[in-house]
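Read the structure below first, then the notes.
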Amino acid sequence: MNNPADTTPPRRAIDIVNASLKRRYARERRFRWLGATAVTLGMVFVVLLFADIILKGYTAFQQTYIQLPIELAAATIDPDGTRDPATLARADYMKLIREALREQFPEVRDRRDRRRLNSMISVGAPDLLRERVMADPALIGTTQELWILADDDIDMLVKGYIDRNAPESDRRVSDQMIGWINRLEAEGRVAKRFNTIFFTHGTSREPELAGIAGALMGSFYTLALTFLLSFPIGVGAALYLEEFAPKNRWTDLIEVNVNNLAAVPSIVFGLLGLAVFIGFFGVPRSTPLVAALVMTLMTLPTIIIASRVALKSVPPSIREAALGVGASPLQTQFHHVLPLALPGILTGSIIGMARALGETAPLLMIGMIAFIVDIPKGFTDAATVLPVQIFLWADSPERGFVERTSAAIIVLLAFLFVMNLAAVLLRRRFERRW
Amino acid sequence: MNTMVEVMDKTTGAISSADLAQDRPSAATVGDVTVADPRMTCRDVDVWYGAKQAIKGVSLDIGKNEVLSMIGPSGCGKSTFLRCLNRMNDTIDGCRVTGSIKLDEQDIYDKALDPVPLRAQVGMVFQKPNPFPKSIYENVAYGPRIHGLTNNKAELDELVESSLRKAGLWNEVKDRLDQPGTGLSGGQQQRLCIARTIAVSPEVILMDEPCSALDPIATAIIEELIDELRANYSIAIVTHSMQQAARVSQRTAYFHLGDLIEVGETNQIFTNPQHRLTEDYITGRFG
């Protein structure tokens, strides 16, 4: 179809390419810009989240104390002079603290005012004083300048969460108490000190006495047992499915089920645990044992999938090499394939563990939501875990629990961060080239 | 799984041009498949991958102290046949072997026979050097250790040294036995794999294109080594290089689409092939 009238030279391919270049580059620029925007947006939200939690929570790591000269009268603590621990434990330490407080404010005589004065001291203060005296009985009979734990309302006032200029009816601390606190502050008798209680005590109804030690130990026992159960079972299952099981309809079915189980909402595992472990097998509820069993069910699919991927990525030439020198299939797996797959398996397992550490919903179903003050000492002690503790505190009305909720979240995030860091480091450490 | 795909590809990637298919030979193999002093004897071996037949009625002997090379176009079944000789095909799903393969009068496909000790008797060197990601010493010591061939550390040290010497690698690695085997060069890695194979004192060594990933110098060293190893072992080598087959082997077998076309003295195969397909292949008309 040569048209003699058409005198334009034929278009060269390079011209067509050049014509479309501009559009192609524009598309690439758009895509890059979209990606950068998405990453920036994500980073902004992460920073906002962390800033919010840290700003709300950091004050919980300090606690308000009031310094009082306390006369540890032998007549009150140990009238018989036997230093018998039972006697020391029974003594009325609240009386000692109240007497010391009264001496600071001799003008307060009215019964109701005295009660208000006493309410500035935490109800847990006598217990702390008792511990102090029992640890060092030589203090008995002397007068010591001691830092006494303040009530949570005073704590909030000192930390500035209660507005001193607000109308008296709108705040939990009366003008009278603010006056007392101002006087104590002027005398240097009010200070914020590091909040050891937060890390050494179990939870409490009183914010100033509430700590995360119980929840941390509960999380530790739960997680340790979960790892001990799910790691060998998960890796064993992956090894069998990947390397030994015949490829047939049954193993296909198992594979599909494992993949589906990984996506099942966690509360379903809680219901299952309630019905099977507590209802059928009679495992004590609200214990790290039953929590670990539920968590094991929940983490197993994650570990199995991660382990199978890791095993698959080991080159078949290694298996052939081992089989070729006469290693049995099991020796091939344990001497060569498993060590090479270990970094991937560990990474998957730690990520599964991190998910288990942050899990709340299934634990609500098996009674971990109970209010437990004692720090658990074993797998069968009633316990709660960190995320459930956060959930409980977030539900509490006292102002003091707001900062504690955020502080507990900081601790939880710190543990998650450490676990993920461990996953990365383990991966680097064990990664081998072939 | 990957292994299966690899081997399947080799079998399905066969030359399928029409004129070659018309030249399908009769079942009979040209030349004498037997030797006077056989180490391994294979009779009427068929191999199926699922419904597909990869090896069709192959009979072949491997003599003592000889190097037998197997040549042929891609997908002709030579690697498959080699892998039958130490039952490496067992690891492939859907692979079925019939006929008889005997090692010193012992049927290796006997139900009662354990493939694990068999693979210690019939060692294998693979196409790609595949040392374990462990030290050079551990690579060689692994086989003797799992089979319990030595009683103490001194004996093991001795065995490692002698194996590395036989593989011509000792002088190059004696000062760095604790370094990873994967850090060696390609040719050294392949010799390490040979040392690893001979450390368990096999009777037969199977080599599946051992030099295809190596440069000409490393190839020459390995070929020299193969010639030395012939004194103590029977060697069956699959190769794509006809020059290599001509250089290292005493007998040559030509495979085509799962059939064993022709077997004979290497000299005779390369100078005076009897079958047209063999002639076409070695003169470079295809393959």
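The values are calculated or read from the model by the stated rules, or taken from the named source; none is laboratory data. Every value quoted in this text rests on a predicted model; they were computed, and no experiment measured them. Cβ placement follows ideal geometry from the backbone for every residue including glycine, while neighbour counts extend to all protein chains displayed.
Values for this structure:
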{"item": "Subset of region A:372-411 [aliphatic (A, V, I, L, M), assigned to a helix (DSSP H, G or I) and touching a helix residue (DSSP H, G or I) at 6+ places or on another chain (Cβ under 6 Å)]", "result": "A:386, A:388, A:390, A:394, A:407, A:408, A:409, A:410"}
{"item": "Residue count, region A:110-137 (criterion: part of a helix (DSSP H, G or I), touching a helix residue (DSSP H, G or I) at 6+ places or on another chain (Cβ under 9 Å) and closer than 20 Å to residue A:173 by Cβ)", "result": "6"}
{"item": "Selected residue [within 15 Å of residue A:177 (Cα to Cα) and surrounded by fewer than 14 Cβ atoms within 10 Å (Cβ to Cβ)] from A:92, A:110, A:80, A:84", "result": "A:110"}
{"item": "Residues of region A:72-107 classified as over 41 Å from the mean Cα position of the chain (by Cα) and touching a residue at least 60 places away in the same chain (Cβ under 8 Å), total", "result": "5"}
{"item": "Those residues of region A:342-358 which are closer than 17 Å to residue A:386 by Cα and either modelled with pLDDT under 90 or surrounded by fewer than 22 Cβ atoms within 10 Å (Cβ to Cβ) (or both), in sequence order", "result": "A:354, A:355, A:357, A:358"}
{"item": "Residue check, residue A:369 on the phi < 0 side of the Ramachandran plot, in the same structural domain as residue A:391 (by TED's automatic domain parsing) and part of a loop (DSSP other than H, G, I, E, B)", "result": "yes"}
{"item": "Test: residue in region B:230-243 that is free of Cβ contacts under 8 Å to residues at least 40 places away in the same chain, buried (at least 21 other Cβ atoms within 10 Å of the Cβ) and on the phi < 0 side of the Ramachandran plot", "result": "no"}
{"item": "For residue A:285: the one exception among (1) assigned to a helix (DSSP H, G or I); (2) in contact (Cβ under 8 Å) with a residue 60 or more places away in the chain", "result": "(1)"}
{"item": "Test set (1) buried (at least 18 other Cβ atoms within 10 Å of the Cβ); (2) within 14 Å of chain A (Cβ to nearest Cβ) - residue B:203 fails condition number", "result": "(1)"}
{"item": "Only listed residue being among the basic types (Lys, Arg), surrounded by 21 or more Cβ atoms within 10 Å (Cβ to Cβ) and more than 14 Å from the chain's Cα centre (by Cα), chosen from B:191, B:176", "result": "B:191"}
{"item": "Residue check for residue B:254: in contact with a Leu (Cβ under 8 Å, 6 or more places away or on another chain) and hydroxyl-bearing (Ser, Thr, Tyr)", "result": "yes"}
{"item": "Tally of residues being touching a residue at least 60 places away in the same chain (Cβ under 8 Å), closer than 19 Å to residue B:204 by Cα, outside any helix (DSSP H, G or I) and of a type in the set (Gly, Ala, Ser) across region B:84-125", "result": "1"}
